[in-house]
Amino acid sequence: MTLYARFAAHLDAILDALESEGALPSGLERKAVAVEPPRDPSHGDLATNAAMVLAKAAGTSPRALAELIGPRLAALDEVASAEIAGPGFINIRLAPAVWDGELRSILAEGAAYGRSEAGAGRRVNVEYVSANPTGPMHMGHCRGAVVGDALASLLEAAGYEVIREYYVNDAGAQVDVLARSAHLRYQEALGRPIGEIPEGLYPGDYLKPVGEALAAEFGDSYAEAPEEAWLDTFRRRTVAAMLDLIRSDLATLGVHHDLFASEREVQESGAVDRAFELLGEKGLVYRGTLPPPKGKTPKTEDGSDWEPTELTLFRSTAFGDDQDRPIKKSDGSWTYFAADTAYHMKKLEASDELINVWGADHTGTVKRTQAAVQALAGRPALDVKIVQMVRLLRAGELVKMSKRSGSFVTLAEVVEEVGKDVVRFTMLTRKNDAQMDFDFARVVEASKDNPVFYVQYAHARIRSMLRKAPELGIDMSAPADLSLLGDEERELVKLAAQFPRMVETAAQAHEPHRIAYYLHDLSSAFHSRYNEGNNDPKRRFIVEDNRELTRGRLELASALGQIIRNGLGIMGVAAAEEM
C-alpha cells in the first residue's frame, strides 16, 4: 500500500467514525475525495479535499466539516500537524519517522517498490506499431513503438494484465503491391534483367533476399506465369518475411509483442459478419444515404458531380461520431472500417479495456472506432493515443523518409548509432501528441539539458559513491541512523516516496511520459544536493570523518538510485552503472 493509499484509508476510517457518531449523514459518495501532495510543498506533505467535496451533501460548510476532520487526522501517530487552509482544505505534515520508514521501505522492497495492485488484474489490450508489413521499421514507427511498449510496462507495474498486440494489415492493396515488388526481385534472382523499378512498386533492397528465397523455393515456376497464379503465394511468403524483419527490428529497440493478429484471418474467420449481426440486433445497422461531402450539393443539371447512394451504414452518431459510417461498399464488399470493427470485437472477447497507439494519420478515424467499440461493449472501452511524427535531424538538416522511394532511415540504424536506451528515453521526453525533434547530436550530448544524460548520470553518480564506500571502510550492511539526516535530505525522500503514486496516476492516464518527467525532477533534486558538496565538504554524501552520517546519506542515495532504476525499468531503459 502506498503512503497516499495508507492515508486515504486513515481518512476513510475517520469519515466512517463521523458517520457512526451522526456527525455526517451515512452513505456519502466519497469518489471525489483525494489525498495527494499539495501544489505548494511549503503547505505540507499531504493535502485532502474531503471537506470541500463532502460539505454540500452533508448539509454543512467546508470549513465546519474540516474542523471535524482535522483534529482526528492530527491525532494520528504519523501526523505532526493537520491545518485547515482557505475555505476547507486540510494540509498534513508528517512526522520525520514516516519518511525514515518510507526510505527503509524503498530499500527493502527494491525492484518491487512502486508496483501495485491498483489495476486489480483487469485485462488490457495495448495495440501499437501495427505498421503495414511492407518493409523494415523506420523512424516513423519508432515513437509509437516506444510509447506503446512503455505504456504496457507501466500498466503491468500498476497491476493490470496486459496483452501486447500488433495488427498486421495483410489484406489491403498495399500487400498486393508488395507481392508484385517481390516478384520483380524474384525475377532478378533468377538472373533476368528487370531494369528500372516501375513507378508504384517498392524499390528497396530489403526485398532482394525475399526474391532470392522465392527463387530458391520455386525455381522458375512462376517466371512466366500470370499474376493470378502466384500473387497469393508471393503475398503470403513476402508478408511472413517482412514480419520476421519487423520483429528483428523491434527487438533491437527492446520491443516485443505477445500477439500478431492478421487482418486477413479476421476477415476469413467470418468475424465481420458476426460483428454486424450483433450490431444489427441492437438496431445500429440500416440502409441509408450520407449527407453530401463538404462543398458538394446533390447532382443537378448545373453540373454538380455528387449523387447520393444508398449504403449499409452503422449508426455511429449514437455514440458521438460526426456522421454514420458505411460498412459496405456499393459493390457489397465490406469497408475497411467494417473489418476494423470486427477486429476490435475479437480483442474485446479477451480483454476488459482496449488501448490503441496510433500515428497522427489515423486521427480522423478515432471517433468512429471508439463508437464501434462502445456499441459492441455496451460501454466506452477504447482509448486511442495519437502519436505525432518525429522529425529526424542530422547536422541541423531534416532527414526525409519515404518507404516507397526506398530512401529512409531504419530504426535499426538509429539504434546502432545512438543506442537503444537513448532512443527509448528520448521518445518519452514529450507527451505522445506533442511534436518532437530527434537530433542525433543532442540526444547523446553530455549535458544537463539532455534529460537522457541527466537521469543516467544521476544513477551513475550514486553507484560510484556506493562502490567507494567499502574502499573507505564504511560498512553498509547494518541500517544507518536516519535521524542524522536533515530536512533537506528528507525532502529527497518525500520526492522519492511519490514514485508509487506516480506509477498509478500515469497508468490511469495512459501516459508513460510522466515517468520520464518524474525521473528528471528526482535526478535534478539529487544533482542539486550532490553539488552542494563542491563548496562545503560537510554537505557531501561521503563525509570521511563522520561515518554514521555518511551511512545515512548513502542509504538515501541508494534509495534514490533504486527509484531511478525502477522508473527506467518501466521505460525499458537500462540504468547506467558508470559514465
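Below, the figures for the structure above:
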item	result
Top-ranked residue in the range 9-65 [being of a type in the set (S, T, N, Q), outside any helix (DSSP H, G or I) and over 31 Å from the mean Cα position of the chain (by Cα); ranked as surrounded by the most Cβ atoms within 10 Å (Cβ to Cβ)]	Thr60
All positions within the range 451-503 that are among the polar types (S, T, N, Q) and open to solvent by less than 50 Å² (accessible area, probe 1.4 Å)	Gln456
Residue match in the range 388-404 (condition: open to solvent by 30 Å² or more (accessible area, probe 1.4 Å), modelled with pLDDT of 95 or more, of a type outside the set (Gly, Ala, Ser) and more than 30 Å from Glu445 (Cα to Cα))	no
Every residue from the range 353-371 that is among the small types (Gly, Ala, Ser), surrounded by 17 or more Cβ atoms within 10 Å (Cβ to Cβ) and closer than 26 Å to Val390 by Cα	Gly359
Selection within the range 88-123 - among the β-branched types (Val, Ile, Thr) and over 15 Å from Val503 (Cβ atoms)	Ile90, Ile92, Val98
Residues satisfying the stated conditions in the range 150-188, i.e. open to solvent by 10 Å² or more (accessible area, probe 1.4 Å) and in a helix (DSSP H, G or I)	Ser153, Glu156, Ala173, Gln174, Asp176, Val177, Arg180, His183, Leu184, Arg185, Gln187, Glu188
Residue satisfying all of: in the range 253-264; touching a strand residue (DSSP E or B) at 6+ places or on another chain (Cβ under 9 Å) and under 20 Å from Met427 (Cα atoms); surrounded by the most Cβ atoms within 10 Å (Cβ to Cβ) among these	Val255
Residue within the range 235-252 that is within 30 Å of Gly572 (Cβ to Cβ), touching a Ser or Thr at 6+ places or on another chain (Cβ under 9 Å), open to solvent by less than 20 Å² (accessible area, probe 1.4 Å) and in a loop (DSSP other than H, G, I, E, B) present	no
Of residues in the range 335-352 being open to solvent by 40 Å² or more (accessible area, probe 1.4 Å), at pLDDT 95 or above and of a type outside the set (A, V, I, L, M, F, W, C), the one nearest to Ala372 (Cα to Cα)	Lys346
Odd one out for Ala434, checked against (1) more than 27 Å from Asn531 (Cα to Cα); (2) aliphatic (A, V, I, L, M); (3) part of a helix (DSSP H, G or I)	(3)
Subset of the range 519-534 [aromatic (Phe, Trp, Tyr) and open to solvent by 10 Å² or more (accessible area, probe 1.4 Å)]	Tyr530
Ala216 of a type in the set (A, V, I, L, M), farther than 28 Å from Phe337 by Cα, open to solvent by 70 Å² or more (accessible area, probe 1.4 Å) and out of contact with any strand residue (DSSP E or B) (no Cβ under 9 Å at 6 or more places or on another chain)	yes
Out of Gly144, Gly172, sole residue that is at pLDDT below 95 and either out of contact with any Asp or Glu (no Cβ under 8 Å at 6 or more places or on another chain) or farther than 30 Å from Met1 by Cα (or both)	Gly172
Residues of the range 318-334 satisfying the condition of being within 13 Å of Val272 (Cβ to Cβ) and open to solvent by less than 20 Å² (accessible area, probe 1.4 Å)	Ile327
In the range 553-575, residue farthest from Arg467 (Cα to Cα) [restricted to those that are hydrophobic (A, V, I, L, M, F, W, C) and part of a loop (DSSP other than H, G, I, E, B)]	Val573
Considering residues of the range 535-552 that are touching a helix residue (DSSP H, G or I) at 6+ places or on another chain (Cβ under 7 Å), buried (at least 16 other Cβ atoms within 10 Å of the Cβ) and in contact (Cβ under 8 Å) with a residue 60 or more places away in the chain only, the residue farthest from Arg467 (Cα to Cα)	Leu549
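The values are calculated or read from the model by the stated rules, or taken from the named source; none is laboratory data. In this text, all values refer to a predicted model and were calculated from it rather than measured experimentally. Reconstructed Cβ throughout: ideal geometry from the backbone, glycine too, with neighbour counts over all protein chains shown. The area values use the complete protein model at the heavy-atom level, side chains included, leaving out ligands, DNA and RNA. Shrake-Rupley method; radii C 1.70, N 1.55, O 1.52, S 1.80 Å.
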